[in-house]
Amino acid sequence: MTAEQLVLAGGGHSHALVLRRWAMHPKLRPPGPITLINRQSTALYSGMVPGLLAGHYTQNDITIDLRRLTDQSGVGLVIADITGVDASQHLLRVIGRPPIKFERLSLNVGSESITTTSDLQSKEVEQSIAIKPLEESLAWLEQQDSQAVLANPAPFTVIGAGLAGVEIALALRRRWPKRQLQLQANPGQPDQALRKALRANKVKLIPTGLQLVGPCLLCTGSQAPAWLAASDLPVDRVGRVMTKDTLQVIGHPDLFAVGDCGVIKTAPRPPSGVWAVKAAKPLAENLERCSRNLPPRAWRPQRHALQLIGGQTSGEMSTAWAVWGNLIVGPHPWLWNWKQIIDRRFMALFKKLSTMNRVVEDGNATLIACRGCAAKLGAQSLNLALQQAGLKDTNGHAEDAAFITTTANGQSLLQSVDGFPALISDPWLNGRLTTMHACSDLWASGADVISAQAVITLPAVPAHHQQELLAQTLDGIQSALKPQGAALIGGHTLEARNLAPKPSSLGMQVTLCVNGSLPMDQPHWQKSGLQAGDVLLMSRAIGSGVLFAAAMEGKTQPQDLDAALEQMATSQAPLLTPLRALGKKGEPSSPIHACTDITGFGLLGHLSEMLSASNTHQQGLGLPPLRLTIDVEAIPHLAGAMQLLETGFASTLAPENRRAWQWLDPGANGKAPIELKFKDVVPGSAEHRGLLELIVDPQTCGPLLIACSSRIASELATNGPWHRVGIVDVSE
Ligand SMILES: Cc1cc2nc3c(=O)[nH]c(=O)nc-3n(C[C@H](O)[C@H](O)[C@H](O)COP(=O)(O)OP(=O)(O)OC[C@H]3O[C@@H](n4cnc5c(N)ncnc54)[C@H](O)[C@@H]3O)c2cc1C
């Protein structure tokens, strides 16, 4: 067996089925590291797209969750746009990060619509979109819904009367019963039976060459992505990569190509989802055989494949045609029923994959521990250990970053350290996220990040795999540091002594020591600076802990995880400059009285740290203690987080964090140190329970939390991105 790095480029139908096979039968999976690279974390099943447009299905019904599929098959996932292959160097070029190395590559990137049509005038081009990529055209068609209900909307034209064009035109008729629809066809198109259906459904057939007015959807046939030909791979007339009958690219035994982007030179078949699906098994078997040093086997696809084309509606009844080569049968309702059964069965293959993320220890199923910042020790254990080691009292209340020294020119130097076991299987993005997370301690202190050192633990895998993981991680770290003007100035690597997980990228552990400086006259923001009358503001939403926890059980919606990752990967360094500028507008001292970042202990844990540190300070000055009132319903939360919390999902660190609920208990004066104010939420309701959980949800790359005067708070809340979440007042 050889442990090569296998890269699956594109999450098309074939790769999705290959991944499913390896999730179901892990022993078949090639032994080396495998990575899927796709533009999005999901893929759409094209066979059901017309049904989606016609209102038979929801987008969720036709979506394959690639993140979940890769998790379950022990494969890494990189969300990136591929721009080329360097077959001689074994590199795949992607946008925004270093090329990705492979030893074996399988291409399943589908096709693009042919968009060079002379029928389109520039005016109409602005209002037109190609059916592929599907994600973009579907979003555009949704926007067109508002036009369809106008009294006299411009006619909508589908350009191209192949099977897809006819099917889409009929689906749009069902979607927009009253809108003027037309289908532009080449002479002789489409088949008589389909023409009849178009007429019956009031879809006007128009010839090519007419001046078109109104929006147009191009269903003009497909071509393989141009970068395949530009990569010097052997391609046919429409850019499809030519392969042998083993699916290996001609002249490149380490490269495979299937689906719309590949064509077997000796057995060419038209681009269609059917062939992409049928190629999955021979592709998987040949990838498996090559990894075991066995010769790949030839695959001889049958001459024709049955296609079921849906869409004609008579009354409430839907029908479909069966197409076999040049033969068209139908339309008939039972063909539609048959098509629905086949399509739904295909999607069920992915939807019904078992939740395999529970590990069994001593016969009992337990949840896999959460990663990222949720892998931290709970506050109580940490504090007790610090006390035991004699560190708690000497330091008073730990700030986010430690003060090191003041330089000769009056700049304060600060330092912090943070890190965690890999949150995600993409080493580049994981490096970026860990760096953002570590830097956030310095940002919360008001400091600019100037340099960092990294300690990176790599999984025990062959050296060249470690090299690739390290190179990607280091680039991800730099992508977060460089825009801040900060440099990675050193570090160390270690090799883990436990067994590498699958994918091995999840065995990475990145820790960064970050150094920062405070500009002259810029005070070191501390947790202990709360003042009576202050307003509390958060820079962005929380809820990442539960989203990642539930994702391990396949319960997080892919788009919610995508949105969370996008927020987490966004630097908060740019927030500092406007906050500092506030100080120059006549405030006698720092306009930001206290600041922290919300991470492992959750919002409540970090609020309690702020309150406790500030009250120690108040006591020292002989001032009465402070208390906080939190407007819980105003706390910004990531999409999907509340729903998961309300249904009982939680991070594995949440039970430890729930100890902070004690701060909500009323004291001797009948007032709680931290009071939660609810406006519309009924106590005891699911939403109430969800909000209580939200405030103890551990965060990776969480928001900044600041306290400032109400005047400054109004300014910040108006200009954004700050959200007003509570106030500070005196307890007595
Ligand atoms: C409206 C419509 C209906 C159709 N209905 C049918 C049908 O009923 N039956 C049928 O057999 N065929 C049908 N087809 C044809 C079908 O869409 C394609 O043949 C099929 O999707 C090809 O599958 P694939 O696995 O090659 O790639 P795809 O399913 O297209 O998947 C390719 C994947 O690669 C990703 N990708 C592409 N480029 C990049 C890049 N540069 N970087 C990273 N990722 C990338 C994409 O995001 C996508 O996830 C239909 C087509 C259309 C437009």
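Coordinate-derived values only; no laboratory data. It should be emphasised that the depicted structure is a prediction, and the values quoted were computed from it without experimental measurement. Methodologically, a virtual Cβ is constructed for each residue, glycine included, from the backbone with ideal geometry; neighbour enumeration extends over all protein chains shown.
Say a paramagnetic label sat at a point 7 Å from the Cα of Ser714, along Cα to Cβ; which residues of the stretch 518-534 have their backbone N under 16 Å from it?
Answer for the stretch 518-534: 533-534.
Note down the nm distance, to one decimal, between modelled labels 7 Å out along Cα→Cβ at Ser381 and at Trp227.
The modelled label-to-label distance comes out at 4.3 nm.
Where the Cα atoms of the chain are projected onto their three principal axes, how long is each span, largest first, in whole Å?
For the chain, the Cα extents along the three principal axes come out at 92, 65, 56 Å.
Calculate for the chain the 222 nm mean residue ellipticity that helices alone would give, adding -39,500 (n - 2.57) per DSSP H run of length 4 or more and normalising by residue count, nearest 500 deg cm²/dmol.
-9500 deg cm²/dmol
Compute the long axis of helix 280-291 from its Cα atoms, compare it with the longest principal axis of the Cα atoms of the chain, and write down the angle in degrees, 0 to 90, nearest 10.
Compared with the principal axis, the helix lies near 60 degrees.
Collect residues whose amide H, placed 1.01 Å from N in the peptide plane, falls under 5 Å from the amide H of Leu423; neighbours closer than 5 in sequence don't count.
Here Gly372 satisfy the definition.
How do Asp343, Asp665, Asp441 line up, fewest other C-beta atoms within 10 Å first?
Arranged by neighbour count, lowest to highest, Asp343, Asp665, Asp441 become Asp665, Asp343, Asp441.
Quick one: helix 463-481 against the long Cα principal axis of the chain, what's the angle to the nearest 10°, folded into 0 to 90?
Between the helix axis and the principal axis of the chain, the angle is about 60 degrees.
When a/c reaches 1.5 or more, the comparison of a/b and b/c decides; with that in mind, is the stretch 460-546 rounded, prolate or oblate per its Cα gyration tensor?
Taking the square roots of the gyration eigenvalues as a ≥ b ≥ c, the stretch 460-546 is prolate.
How many angstrom lie between the Cα centre of the stretch 251-306 and the Cα centre of the stretch 76-111?
Measuring centre to centre over Cα atoms gives 19 Å.
Are there any trypsin sites (Lys or Arg not before Pro) in the stretch 229-328 that are in a DSSP loop and have at most 15 other Cβ atoms within 10 Å? List them by number.
When the trypsin sites (Lys or Arg not before Pro) of the stretch 229-328 are filtered for loop state and at most 15 Cβ neighbours within 10 Å, Arg237, Lys265, Arg292, Arg297, Arg303 remain.
Mind pulling the angle between the C-alpha long axis of helix 13-24 and the longest principal axis of the chain? Nearest 10 degrees, somewhere in 0 to 90.
The angle comes out near 60 degrees.
What does the charge dipole of the stretch 582-716 about its Cα centre add up to, to the nearest 20 debye, if the Cβ of each Lys and Arg holds +1 and the Cβ of each Asp and Glu holds -1?
Approximately 380 debye in magnitude.
What's the exposure ranking of Leu638, Leu442, Leu134, going from fewest to most Cβ atoms within 10 Å?
Leu134, Leu638, Leu442
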